[in-house]
1. Quick one: among B:137, B:113, B:122, which has the greatest mean-square fluctuation in a GNM of chain B with alpha-carbon springs under 10 angstrom?
2. Roughly what angle does helix C:20-30 make with the longest principal axis of chain C, taking Cα atoms, 0 to 90 degrees, to the nearest 10?
3. Give, rounded to the nearest 20 debye, the magnitude of the charge dipole that the stretch B:94-152 has about its Cα centre when Lys and Arg contribute +1 at Cβ and Asp and Glu contribute -1 at Cβ.
4. Rounded, prolate or oblate for the stretch A:7-151? Axes are the square roots of the Cα gyration tensor eigenvalues, ordered a ≥ b ≥ c, and the cut-off for rounded is a/c under 1.5.
5. To the nearest 0.05, how large is the calculated FRET efficiency for residue A:113 and residue C:55 if R₀ is 51 Å and r is the Cβ-Cβ distance?
6. Working from Cα positions, state the angle (0 to 90°, nearest 10) between the long axis of helix C:104-122 and the longest principal axis of chain C.
7. Kindly provide the GluC sites (Glu not before Pro) of the stretch C:72-152 that DSSP labels as loop, not H, G, I, E or B, and whose Cβ sees at most 16 other Cβ atoms within 10 Å.
8. How many angstrom separate the Cα center of the stretch C:63-77 from the Cα center of the stretch A:56-120?
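Where a number appears in this text, it was derived from the coordinates with a stated rule and is not lab data. Fair warning: this is a prediction, and the values are worked out from it, not measured in the lab. Please note: Cβ atoms are built from the backbone with ideal geometry, for glycine as well, and neighbour counts cover all protein chains shown.
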Amino acid sequence: MLPTPKKFFVTAGSSEGKNPLNAFDNALLKGKIGNLNLMRVTSILPPGVEYCPDMEIPPGSLVPTAYGYIISDVPGELIAAAVGVGFSNDTFGVIMEYSGKCSEGEAAKAIERMLIEAFETRGMELKGTKIAAAEHRVENIGCALAAVPLWY
Amino acid sequence: MLPTPKKFFVTAGSSEGKNPLNAFDNALLKGKIGNLNLMRVTSILPPGVEYCPDMEIPPGSLVPTAYGYIISDVPGELIAAAVGVGFSNDTFGVIMEYSGKCSEGEAAKAIERMLIEAFETRGMELKGTKIAAAEHRVENIGCALAAVPLWY
Amino acid sequence: MLPTPKKFFVTAGSSEGKNPLNAFDNALLKGKIGNLNLMRVTSILPPGVEYCPDMEIPPGSLVPTAYGYIISDVPGELIAAAVGVGFSNDTFGVIMEYSGKCSEGEAAKAIERMLIEAFETRGMELKGTKIAAAEHRVENIGCALAAVPLWY
């Protein structure tokens, strides 16, 4: 089997780029995850995982990551992305991602509502959250993204 | 290398949610794969893989999975998703996913046609199929999804 | 942790199909990666990775892959996809993907510009590139894709 991750952190970033993929790449770099190979996952924090905000991951590593992003080419538009981890008392957590044409505060509020629903559906008590969000006012082509990298 | 999966099952589920991602999350829970970290793959059943419908996978595991889904916020709309595994006689199989504004029966029929084409293109004989499908009549925001998790 | 890939190649292909997913599947087959489980990654070439154009990977393997594609059902439309690897002198490289309604030459040019921006942003010198591209004139439903599979 693939080894289950043991560590995580949360991050967010936003940037302009000369085209959509470079805007995405530049936003990843702002979030300090631009030199990794993110492998997108749906979005559970494994039990016992440890919060390691200053983790250094070697470039090119395969990093399971839950993330959300938005890219816009509408000058003046405000875009934002947020992620949130919801913690349980003694078992796994749930990760939610959101992006939209809104402020970073609105994206973070959306995440809180989503985590509440995710825990209600599971019949689990939500003991705390950790949220990261970023917003961006588009000049030409911009990206906002937020991510929860999982690591070992 | 990443270890090649040895087991699989098929599943499908559908649900409402207060927003698109929670609808997706709730549909995953209905399909009993909501507490996993699905890693999406294109879509081959490795040779020799065993069908294990009652497999229990620990929460937060990284699970290579072929899946299809549709999310709709059009009240009254019928949505459906289906997956199908096509088996060969003695080598790998092929997985196909479909989702659309249709019934679960129509989605399953689409999968059958897709598997026939996938085997014809490969010059392989299709010896059998295993299909899972789910449909959903949207109330406010709904999701239908179907998945083939691969495991060890 | 997941093992970091040690080899790569670049490929591209295009095809018709009776539906969008079969067009995608057929284009993967043209690119000789149709019998693998591609796991999509954002898009770094790990340091020290070796170029192996004739690598044979067993069917059903989990293959970390950066890829771009476009599917069109507009008869007569020209579609193309390209990928490019940008190499540094002594550390990791960067992979970019592009797809659009254009020729394969235009897609390859877009990739060159994207790699230049990716290296400028990182303050790294771009020492060389390796690009693969494919184009397709749509008959009914067509797909063009380009990929950088990473392997061991």
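1. The residue with the greatest mean-square fluctuation here is B:122.
2. Between helix and principal axis, roughly 60 degrees.
3. On the way: 7 positive and 9 negative charges, 16 e Å.
In total the dipole reaches around 80 debye.
4. The shape class here is oblate.
5. Details: r = 47 Å, r/R0 = 0.92.
The pair residue A:113/residue C:55 has a calculated efficiency of 0.60.
6. 30 degrees
7. Here the sparse-neighbourhood loop sites are C:77, C:125, C:139.
8. Each part's Cα centre sits 27 Å from the other's.
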